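Let me begin by presenting the structure, written as structure tokens, before commenting on it.
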Amino acid sequence: LQSLFKEFEFSSLLQELKIKDEGIKGQYHLILTGNQFAAFVNRLADVKEFAFDMIVSSDVPMLADIVGLSLCISPGEVFYIPLAHDYMGMPPQLKPDDVIKDISPALASQEIKKHGHDLKNAVIILAREKVDLKGLGCDTMVASYILNPAKHSFELADVVRDQMGRHITRPKDVIGSG
């Protein structure tokens, strides 16, 4: 059923199937303390490339604030840094300005390749934070468009579902909408 829905591009029906991963093995790190962050920044300084994504407060990049950052610095190893999550029971988070200041050298380095989804919006959002994003590598949104320009949606969750047959959480499910 899944292959038919995919072939005929029945995106909403595919979503209703709620295709779930059998679990992607890897190391997932939540960074909440200064010590955790300092260790991460030291590791980030030694990489040649990384993938990153931002959870933002708005679809409009000129209005969006960064709610959280995820960075994959080696295959199967992902770090998430919450910056502006606001819900009951949320542990204290690092100060967004300090995080941006400390990771901006890696983001601005031409020598370190950055891969991601919708890097154009990342450039705009980070420029508002006084970070000049350089060293851009693969943008999966652009790649998805090249593969199928007639596709209805190029959101990351849809691209992952279509290309890898996996389900990932959408940002609005993490931070809410409205």
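What to note about this one:
- Selection count where residues are closer than 13 Å to Met54 by Cα and either touching a Phe, Trp or Tyr at 6+ places or on another chain (Cβ under 8 Å) or open to solvent by 30 Å² or more (accessible area, probe 1.4 Å) (or both), scope region 79-98: 5
- Total residues in region 84-130, condition over 24 Å from Thr140 (Cα atoms) and either under 17 Å from the mean Cα position of the chain (by Cα) or assigned to a strand (DSSP E or B) (or both): 4
- Test: residue in region 59-67 that is outside any loop (DSSP other than H, G, I, E, B) and open to solvent by less than 60 Å² (accessible area, probe 1.4 Å): yes
- Residues that are modelled with pLDDT under 65 and open to solvent by 40 Å² or more (accessible area, probe 1.4 Å), drawn from region 136-162: Phe154, Leu156
- Counted residues, region 46-58 - those being open to solvent by less than 70 Å² (accessible area, probe 1.4 Å) and either of a type in the set (Val, Ile, Thr) or not in a strand (DSSP E or B) (or both): 5
- Any chance Asp59 is of a type in the set (Asp, Glu) and within 16 Å of Phe40 (Cβ to Cβ): no
- Residue in region 27-42 that is modelled with pLDDT under 95 and among the small types (Gly, Ala, Ser) present: no
- Among the residues of region 101-131, those identified as under 16 Å from Val56 (Cα atoms), open to solvent by less than 30 Å² (accessible area, probe 1.4 Å) and out of contact with any Leu (no Cβ under 8 Å at 6 or more places or on another chain) are Gly116, Ile125.
- Hits in region 39-61 (condition: out of contact with any helix residue (DSSP H, G or I) (no Cβ under 8 Å at 6 or more places or on another chain) and not hydroxyl-bearing (Ser, Thr, Tyr)): Ala39, Phe40, Asn42, Arg43, Asp46, Lys48, Glu49, Ala51, Asp59, Val60
The values are calculated or read from the model by the stated rules, or taken from the named source; none is laboratory data. Keep in mind the model is a prediction, meaning the values are calculated, not measured. Counting neighbours? That spans all protein chains shown, and the Cβs are built from the backbone with ideal geometry, glycine included. Surface areas here come from the heavy atoms of the whole protein model, side chains and all, with no ligands, DNA or RNA. Shrake-Rupley method; radii C 1.70, N 1.55, O 1.52, S 1.80 Å.
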